[in-house]
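Engineer: The structure that follows is given in the form of structure tokens.
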Amino acid sequence: MSKYFGTDGIRGAYGSALMNESFAQKVGQAIGAFLKTHCPDDPTVAIASDTRPSGPSLKQALIEGLCGMGVKMIDFGMAPTPALSFGVLKHNASFGVMITASHNPFGDNGIKCFTDKGTKLRIEQELEIEHWIDQSHPVSHRQEAPTHDSIHQEYLNNLQEYFCQLDLTGIKIALDTANGATCKTTQSMLENLGATVFGIHQGNGMINEGCGSEHLDSLKKLVHQKNADVGIAHDGDGDRVRFVDADGKVIDGDQILGLLAMHAHRNQQLESSTFVATVHSNSGLFAFLNNHAIHGKASDVGDRNVYLKMLEEKSNWGGESSGHIICTDYLPTGDGLFAALSVLKVMQDQSKPLSTLAHDIKLWPSLSGSFPVSEKIPIDRIPELTERISTETSLLKEEGRILLRYSGTEPKIRLLVEGKSIEKITPSYQRLQVAIEKSL
């Protein structure tokens, strides 16, 4: 079991025992030791951060740890996570590190790691780095200062080339960049393709605070105010995206996955006729895929797990309902801007508004919630809770399902109950909520 790494890197409140400058330096040393073991010939690490106030000092501490191990560094400055992943590939780096806590509140921060292929680490690689974190390391006599290089333009040029057929002339887009890492990339890209963009939260406040992909009210208002065709919101580091249609309605992430899967399949661009979602995705999405001769496969939660399942199923498209969307024709990790452009391409190719496209994917009614926990006790060790889950599962039978899991990034447990009838799932959800609150 991982000691430091969660679902997506190491994450925690800044100033806590696992997210401070001293710990960041240890992580840098550990990554250096890991690289010396696996690629001893002058490894190079690319690093970037989002806009959190704690980012620069944590990044500097991690750089010091890496340089102390004799590792060369490329500092991309402030950049979105997918730009860092792209930069690892573009600059032939041995490893990538992103200082970010993604969609978490601005008081949190974290460390995401990438392989030389631009992918997230496998669990066994994380465990090896964890081993090195707990060791002492001699400081190398050869310490090189990091080189500084902006990755923004190379990243945008690559996207522009990929979407060379996309013309957004006449399209009005409301955009919320969460005061985060996409402030310098997404609006520029959309305008280069011809769109009229109305941007908010472009660096004039704290990252993710009442804005971005987790807080869509201000984006919905902006869509109405500007009579926009679509609203787009990123999280703090730009690997997620969520959408609001022209009526100001939030489009469910599973509907976004469905329309992207259908578009790729229709254009014979969906390898193995297979699309990967997660166990958290709505059963209605899988029913829609099945009805259109698309094999819907479910991975564990987390974009790393989506990617690994895609490899297993020989698929090139997959994603999470939270807004992580992966197309390996482009990058082996999630990119919120790529996903946004992909959805806009579907709208252009089919000459349909987002609301119409999303309406085709009928989702089952669902109820979900998150509950704070002080300790993540294995669920199978809580008899009263497992008994309640078993009872409710029997009551729902084939017409619903229950998913209860701990968050990999926050001290919370997440409950999902879905089924064909809201009347049937509501009492089950309520009884499970009571059981959770009593047990945890």
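The numbers here are math on the coordinates, done by the rules we state, and not lab data. From a predicted model like this one, the values you see are computed outputs, not experimental measurements. Here the Cβ positions follow ideal geometry from the backbone for every residue, glycine too, while neighbour counts run over all protein chains shown.
Engineer: Using helices alone, what [θ] at 222 nm do you get for the chain, with -39,500 (n - 2.57) per DSSP H run of 4 or more residues, divided over all residues and rounded to the nearest 500?
Structural biologist: On the way: 14 runs with 168 residues, N = 440.
Computed mean residue ellipticity for the chain: -12000 deg cm²/dmol.
Engineer: Turning to a different aspect of this structure: Under a GNM of the chain (C-alpha, springs under 10 Å), which listed residue has the highest mean-square fluctuation: 379, 74, 413?
Structural biologist: Of the options given, 379 has the highest mean-square fluctuation.
Engineer: Now a separate question. Taking amide H atoms as placed 1.01 Å from N in the peptide plane, list the residues 5 or more away in sequence, or in a different chain, whose amide H sits under 5 Å from that of residue 251.
Structural biologist: Here 243, 244, 245 satisfy the definition.
Engineer: Within 14 Å, Cβ to Cβ, of residue 218, how many net charges do the neighbouring residues add up to if Lys/Arg are +1 and Asp/Glu are -1? Please list the in-between numbers first.
Structural biologist: Values: positive: 220, 221, 226, 242; negative: 176, 209, 214, 217.
After counting each charged neighbour, the total is 0.
Engineer: Also: Whole-Hz Karplus ³J(HN,Hα) for the range 318-332, in order, using 6.51 cos²θ - 1.76 cosθ + 1.60 and θ = phi - 60°, x for Gly and Pro?
Structural biologist: Listing the rounded values in order: x, x, 10, 5, 6, x, 6, 10, 10, 10, 6, 5, 10, 9, x Hz.
Engineer: Taking the Cα centre as origin and putting +1 on Lys and Arg beta-carbons and -1 on Asp and Glu beta-carbons, what dipole magnitude results for the chain, to the nearest 20 debye?
Structural biologist: Numbers: 41 positive and 53 negative charges, 108 e Å.
Approximately 520 debye in magnitude.
Engineer: Please figure out what share of the DSSP beta bridges in the range 1-158 is antiparallel and state it in percent, rounded to the nearest 5. Could the numbers behind the result be given before it?
Structural biologist: Working: 10 of 22 bridges.
Roughly 45 percent of the beta bridges in the range 1-158 run antiparallel, per DSSP.
Engineer: Here's a follow-up. Select from 305, 316, 158 the residue whose mean-square fluctuation is largest in a Gaussian network model of the chain (Cα-Cα springs shorter than 10 Å).
Structural biologist: Looking only at 305, 316, 158, the largest GNM fluctuation is found for 158.
Engineer: Using the crude model of +1 on Lys and Arg Cβ and -1 on Asp and Glu Cβ, and no other charge, please compute the dipole size for the range 69-161 relative to its Cα centre, in debye to 20. Mind dumping the intermediate values first?
Structural biologist: Numbers: 7 positive and 12 negative charges, 29 e Å.
With Lys and Arg at +1 and Asp and Glu at -1, about 140 debye.
Engineer: Determine ³J(HN,Hα), in whole Hz, for all residues of the range 114-120 in sequence, where each value follows from phi through the Karplus function 6.51 cos²θ - 1.76 cosθ + 1.60 and θ = phi - 60°; x replaces Gly and Pro.
Structural biologist: Ordered by residue, 3J(HN,Hα) equals 10, 7, 5, 8, x, 9, 5 Hz.
Engineer: Which residues' amide hydrogens lie under 5 Å from the amide hydrogen of residue 178, considering only partners 5 or more residues apart or on another chain, with H built in the peptide plane?
Structural biologist: 212, 234
Engineer: Report the Cα centroid-to-centroid distance between the range 281-315 and the range 32-103 in angstrom, as an integer.
Structural biologist: Centre-to-centre (Cα) distance: 31 Å.
Engineer: With the dipole of the chain worked out from charges on the C-beta (+1 for Lys and Arg, -1 for Asp and Glu) around the Cα centre, which of 49, 2, 185 lies farthest toward the positive end?
Structural biologist: 2
Engineer: Here is a further query. Most exposed first by the Cβ proxy, i.e. fewest other Cβ within 10 Å, how do 274, 7, 147 rank?
Structural biologist: Details: 274 22, 7 19, 147 11.
Fewest to most other Cβ atoms nearby, the residues stand as 147, 7, 274.
Engineer: Hey, another quick one. Just to be sure I understand: of the beta bridges DSSP finds with both ends in the chain, what percent are antiparallel, rounded to 5? Mind dumping the intermediate values first?
Structural biologist: On the way: 35 of 63 bridges.
Percent antiparallel among DSSP bridges in the chain is about 55.
Engineer: Okay, moving on. Got a sec? Charge dipole of the range 294-393, +1 on Cβ for Lys and Arg, -1 for Asp and Glu; which of 348, 372, 302 is way out at the positive end?
Structural biologist: 348
Engineer: Express as a percent, rounded to the nearest 5, the fraction of DSSP beta bridges in the range 229-342 (both residues included) that run antiparallel. Please report the intermediate quantities before stating the final value.
Structural biologist: On the way: 11 of 18 bridges.
Bridges in the range 229-342 that DSSP calls antiparallel: roughly 60 percent.
Engineer: Positive end of the dipole of the chain, charges at C-beta (+1 Lys, Arg; -1 Asp, Glu), about the Cα centre: which of 164, 439, 236 has its Cα farthest in that direction?
Structural biologist: 439
Engineer: Please report, in debye to the nearest 20, how large the charge dipole of the range 10-151 is about its Cα centre when each Lys and Arg carries +1 at its beta carbon and each Asp and Glu carries -1 there. Write out the running numbers ahead of the final one.
Structural biologist: On the way: 12 positive and 15 negative charges, 43 e Å.
With Lys and Arg at +1 and Asp and Glu at -1, about 200 debye.
Engineer: What does the net charge come to around residue 413 if you take all other residues with beta carbon closer than 12 Å to its beta carbon, with K and R at +1 and D and E at -1? Intermediate values should be presented prior to the final figure.
Structural biologist: Details: positive: 376, 405, 412, 414; negative: 375, 410, 437.
Result for the neighbourhood of residue 413: +1.
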